[in-house]
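Enquirer: What follows is a structure written as structure tokens; I'll ask about it next.
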Amino acid sequence: MQNVVVENAKIMFRNFSGAEGKFNPAGRRNFCVFLDSDVGHQLKKDGWNIRWLQPRDDDSEEQAYLQVKVSFSNKPPKIVMVSSKGKTAISEETVNILDWADIKSADLVITPYEYSVNGRSGISAYLKTLYVTIAEDEIEQKYANAPDSAEGCIGGCGNCDICDGGCAG
């Protein structure tokens with residue numbers, strides 16, 4: 001079974017924080033990615049759990065999508081946020097910022113995991129790699145190169161009024 005690469009992806013139903021909700025138990029991090037119809041049909045045929053959004057009007061087609069799990073327990077995914085300031089690695093502790101980020105584009109690699117539990121089998125989709133480019137407005141771009149006064153804060157120096165004496169300065 002091969003990884004699935006989706007470039008210029010549109011992602012929705014984001015729950016990188018793992019917040020409990022009507023359709024999500026607490027701690028389960030995930031999101032959904034839209035797929036081209038042909039890709040959706042092929043993955044469905046291969047055993048992936050592809051779902052379809054019904055069209056809002058008669059002139060549209062149903063939209064294929066796949067729920068992707070985000071797990072840091074075995075092999076953590078590589079998640080990188082790209083902005084005018086450059087690339088920033090996203091960790092398990094900071095991944096929740098993607099729930100509300102204004103994402104301009106996303107490129108991702110999805111790893112399949114074949115399961116067979118209680119007579120049910122299929123393929124779960126796990127995030128392997130995600131690069132998200134953030135859409136920045138005019139004000140964010142204006143201040144993109146301003147120095148960050150809290151940069152380097154790690155705690156304990158006694159010289160910092162930004163974080164109560166807890167920076168490397």
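The values are calculated or read from the model by the stated rules, or taken from the named source; none is laboratory data. These numbers come from a predicted model, not from an experiment. Heads up: the accessible areas ignore ligands, DNA and RNA and are worked out on the full protein's heavy atoms, side chains in. Shrake-Rupley method; radii C 1.70, N 1.55, O 1.52, S 1.80 Å.
Enquirer: Ignoring ligands, DNA and RNA, what percent of the 1.4 Å accessible area of the chain is carbon and sulfur?
Expert: Carbon and sulfur together cover 45 percent of it.
Enquirer: Taking the Cα atoms only, what angle lies between the long axis of helix 37-46 and the longest principal axis of the chain, rounded to 10 degrees?
Expert: Rounded to the nearest ten degrees, it is 70.
Enquirer: Note down the relative contact order for the chain as a percent, whole number, built from C-alpha pairs under 8 angstrom at least six residues apart.
Expert: Over the chain, the number comes to 21 percent.
Enquirer: Seen from all sides and averaged, what is the projected area of the convex hull of the Cα atoms in the chain, in nm²?
Expert: 13.9
Enquirer: Along the range 15-32, what does the Karplus equation 6.51 cos²θ - 1.76 cosθ + 1.60 (θ = phi - 60°) give for ³J(HN,Hα), rounded to whole Hz, x for Gly and Pro?
Expert: So the J values, rounded to whole Hz, are 9, 5, 7, x, 5, 5, x, 4, 10, 9, x, 4, x, 8, 8, 6, 7, 10.
Enquirer: Mind listing the long-range amide H neighbours of Val68? Cut-off is under 5 Å, sequence gap 5 or more, other chains count too, H placed in the peptide plane at 1.01 Å from N.
Expert: Close amide H contacts, sequence-distant or interchain: Phe31, Cys32, Val33.
Enquirer: Here's another thing I want to ask about it. Rounded to the nearest angstrom and ordered from largest down, what semi-axes does the equivalent ellipsoid of the range 1-52 get from its C-alpha gyration tensor (root of 5λ)?
Expert: Numbers: eigenvalues 110, 31, 22 Å².
Calculated on Cα positions only, the semi-axes equal 23, 13, 10 Å.
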